[in-house]
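A.B. asks: Starting off with a structure, shown below.
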Amino acid sequence: MVEVTVTVRNRAGMHTRPAAALVKTAARFQSEFTICKDSMEINGKSIIGVMTLAAEQGSTLDLRFEGEDEEQARDAVVSLFERGFDEQ
Amino acid sequence: MKADKNRETRKKYITVRSFFEANRERFKLRLLNGDHGFDNQIKDRNLHRPGLALAGYVELFTFDRVQIIGNTEVNYLKSLSQEKRRSAFSKLLEFKIPCIVLTDSNVLEPEMLEEADRKHVPIFGTSFETTKISYFIADFLDDQFAPQIVLHGSFVDVYGIGVLLIGRSGIGKSEIALDLIERGHRLVADDVVNVTRKGEGILMGSGTELVKHFMEIRGLGLIDVRSMFGIRAIRFQKRVEIIVELEDWKPGQEYTRTGLDDETVPVLDVDIPHVRLPIFPGKNVTVITEVIALNYLLRHYGYDAAKELAKRLEGTIAEKKKRGDRAINYFEHDFE
């Protein structure tokens, strides 16, 4: 299991497009992927789940990966957050 | 299935403001003094009647609870001289009380209300009598401080039974839920299910405000069940009664064959019946889910198919010892 904390960087927050990009990326890997924000904990491969978080710019999310390809999954997801989902 | 203990959440406090705003109409609450102290925190789900504290005994005074002042307290205060009355009330206000609820349309002297305002203790009046309002407030606070957990699954009311479908991502929970909706059952929540323990041994499940009754169907995207299937296809909350765990079929894995061994899984310390369902192409999980719900209903009403057949079998074995051993002894004249 690997854990990492990330920050939402893009101005518009995690709206529909970034949410879709995130679940698509996560779905490429076998590992289970969980996101925690405040008291919410959701499945990172579920678009409904990710949208439930309604994560705004500057909010921090705790990510957890568990599975054989957990490190690759983490790297792919973290890079997505670092690039601000390729948005401003 | 594992429900991680660490994921349980429980509110540490609620503010007097949220208490007031959520209940002002239902509890007929009226603010009697100024709006100071609305950020006071209510940290305890219990209530307190400060009779003894007013009489001067303040040891073990649970001042951090919502204080209920009813007829007894008001009559006691009335029996005192004005000076003593005010000093008894001031003594009460030396403690950090979150708020006071004055029941049964009772009134306090304006000077006392002002004093409470200065000490930042809001006083709410209500026309409800003490026992009734105490019950309402205790029920509300119980709910507010109840432990909660968010589970990943689809939650459907099937024939009035709350069935929570869980399983790995992409196993087809949402598709089964959609199939159930199409057959007339009602969706409570998809993907993100908020489960709250209510009282002892009851779990209530609901969706979240934002994504209520939306669901994702792989390859199709997001759909809104409420606008697509109408009001009959949804409900806002439901007791969680069975957890059906969908699993990939693995040869060699053992599953119950009789249904005699009751399996449960603890969620928020409540044991919920748990059915593990292996799935493979061509298996109609929707119908099986309906049958699981119906079987639960039958058992709830006192009929357990597995036990009934076991009993019949025992009877037949006992009979056989006495009689012949043909499976069916005689076909009456009905050769259709």
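A.B. asks: Filter the chymotrypsin sites (Phe, Trp or Tyr not before Pro) in region B:38-109 down to the DSSP loop ones having no more than 15 other Cβ atoms within 10 Å, then list what survives.
C.D. replies: Numbers: sites: B:Phe38, B:Tyr57, B:Phe61, B:Phe63, B:Tyr76, B:Phe89, B:Phe95; in loops: B:Phe38, B:Tyr57, B:Phe61, B:Phe63, B:Phe95.
Those that pass, being in a loop and sparsely packed, are B:Tyr57.
A.B. asks: Using alpha carbon centroids, what distance separates region B:143-190 and region B:282-300, in Å?
C.D. replies: Each part's Cα centre sits 14 Å from the other's.
A.B. asks: Between region B:235-257 and region B:36-85, what is the C-alpha centre distance in whole Å?
C.D. replies: The two parts, judged by their Cα centres, are 51 Å apart.
A.B. asks: Once the Cα gyration tensor of region B:127-226 is found, what semi-axes does its equivalent ellipsoid get, as square roots of 5 times the eigenvalues, in whole Å, sorted largest first?
C.D. replies: 32, 13, 12
A.B. asks: If you take each beta carbon of peptide A:33-44 and count the beta carbons of other chains within 10 angstrom, what is the mean?
C.D. replies: Working: counts 1, 3, 0, 3, 0, 1, 8, 6, 10, 6, 8, 2.
Per-residue shielding by partner chains comes out at 4.
A.B. asks: What does the average come to when, for each residue of peptide A:46-56, you count the partner chain Cβ atoms lying within 10 Å of its Cβ?
C.D. replies: Working: counts 11, 8, 14, 9, 3, 8, 10, 3, 4, 0, 0.
Neighbouring Cβ atoms belonging to other protein chains average 6 per residue here.
A.B. asks: Which loop trypsin sites (Lys or Arg not before Pro) in region B:246-336, with loop taken from DSSP, have no more than 13 other Cβ atoms within 10 angstrom of their Cβ?
C.D. replies: Values: sites: B:Arg257, B:Arg276, B:Lys283, B:Arg299, B:Lys307, B:Lys311, B:Arg312, B:Lys320, B:Lys321, B:Lys322, B:Arg323, B:Arg326; in loops: B:Arg257, B:Lys283, B:Lys321, B:Lys322, B:Arg323, B:Arg326.
Loop-located and lightly packed - B:Arg257, B:Lys283, B:Lys321, B:Lys322, B:Arg323, B:Arg326.
A.B. asks: Does anything in region B:88-112 have its amide N under 16 Å from the 7 Å Cα→Cβ label point of B:Ser81, and if so which residues?
C.D. replies: Of the residues in region B:88-112, B:88-89 have backbone N under 16 Å from the label point off B:Ser81.
A.B. asks: Counting only residues 5 or more places away or on other chains, whose amide H sits under 5 Å from the amide H of B:Leu108 once H atoms are built in the peptide plane?
C.D. replies: Long-range HN contacts for B:Leu108: none found.
A.B. asks: Taking each residue in B:208-216, count the Cβ atoms of any other chain within 10 Å of its Cβ, then average. What number comes out?
C.D. replies: 4
A.B. asks: Which loop-located GluC sites (Glu not before Pro) does region B:204-301 contain, where loop means any DSSP state but H, G, I, E or B and the Cβ has at most 15 other Cβ atoms within 10 Å?
C.D. replies: Here the GluC sites (Glu not before Pro) that fit, given the DSSP loop and packing criteria, are B:Glu209, B:Glu254, B:Glu263.
A.B. asks: Starting at the first residue of region B:236-253, write each ³J(HN,Hα) from the Karplus equation 6.51 cos²θ - 1.76 cosθ + 1.60 with θ = phi - 60°, in whole Hz, x for Gly and Pro.
C.D. replies: Ordered by residue, 3J(HN,Hα) equals 7, 8, 7, 5, 7, 10, 9, 10, 10, 9, 8, 10, 5, 5, 10, x, x, 5 Hz.
A.B. asks: Here is a follow-up. Evaluate the distance, in nm, between pseudo-label points positioned 7 Å from the Cα of A:Met1 and of B:Arg183 along their respective Cα→Cβ axes.
C.D. replies: Computed distance between label sites A:Met1 and B:Arg183 equals 3.6 nm.
A.B. asks: Using a Förster radius of 35 Å, what is the FRET efficiency between B:Ala55 and B:Asp269 based on their Cβ-Cβ separation? Nearest 0.05, please. Show your work: numbers first, answer last.
C.D. replies: On the way: r = 39 Å, r/R0 = 1.13.
In this case the efficiency is close to 0.35.
A.B. asks: Below 17 Å, Cα to Cα, which lysines can B:Lys283 reach? Residues fewer than 8 away in the same chain don't count.
C.D. replies: Once the sequence-local lysines are set aside, what remains near B:Lys283 is B:Lys173, B:Lys250.
A.B. asks: Note the buried accessible area between A and B here, summed over both chains, with a 1.4 Å probe, in Å² to the nearest 100.
C.D. replies: Rounded to the nearest hundred, the buried surface is 1300 Å².
A.B. asks: Okay, next question. Amide H of B:Val158: which non-local residues (sequence gap of 5 or more, or other chain) have their own amide H closer than 5 Å, using H built in the peptide plane?
C.D. replies: Result for B:Val158 returns B:Val163.
A.B. asks: Under 8 Å for C-alpha pairs, at least 6 residues apart: give me the relative contact order for region B:148-300, rounded to a whole percent. Numbers along the way, then the final one.
C.D. replies: Details: 286 pairs, mean separation 38.6, N = 153.
In percent, rounded to a whole number, it is 25.
A.B. asks: Could you pull out every one of the lysines with an alpha carbon less than 17 Å from that of B:Lys132, ignoring same-chain neighbours closer than 8 positions?
C.D. replies: Correct list for B:Lys132: B:Lys28.
A.B. asks: Probe radius 1.4 Å, ligands and nucleic acids left out: which of B:Thr9, A:Thr52 has the largest accessible area, and how do the rest follow?
C.D. replies: Working: B:Thr9 40, A:Thr52 20 Å².
Putting B:Thr9, A:Thr52 in descending order of accessible area: B:Thr9, A:Thr52.
A.B. asks: Any number yet on Rg/Rh for region A:1-74, C-alpha, Kirkwood?
C.D. replies: So for region A:1-74, dividing Rg by the Kirkwood Rh gives 0.94.
A.B. asks: Between B:Gln253 and B:Leu313, what FRET efficiency comes out of the Förster formula 1/(1 + (r/R0)^6) with R0 = 25 Å and r the beta carbon distance, rounded to 0.05?
C.D. replies: The formula returns an efficiency of 0.45 here.
A.B. asks: Still on this structure: Apply the Karplus curve 6.51 cos²θ - 1.76 cosθ + 1.60, θ = phi - 60°, to the phi angles in region B:114-122 and return the couplings in whole Hz, x for Gly and Pro.
C.D. replies: Karplus values, whole Hz, x for Gly and Pro: 5, 4, 4, 4, 4, 8, 6, 10, x.
The values are calculated or read from the model by the stated rules, or taken from the named source; none is laboratory data. Fair warning: this is a prediction, and the values are worked out from it, not measured in the lab. Here the Cβ is made from the backbone with ideal geometry for all residues, glycine too, and neighbour counts use every protein chain on show. Surface accessibility is based on the protein's heavy atoms, side chains included, excluding ligands, DNA and RNA. Shrake-Rupley method; radii C 1.70, N 1.55, O 1.52, S 1.80 Å.
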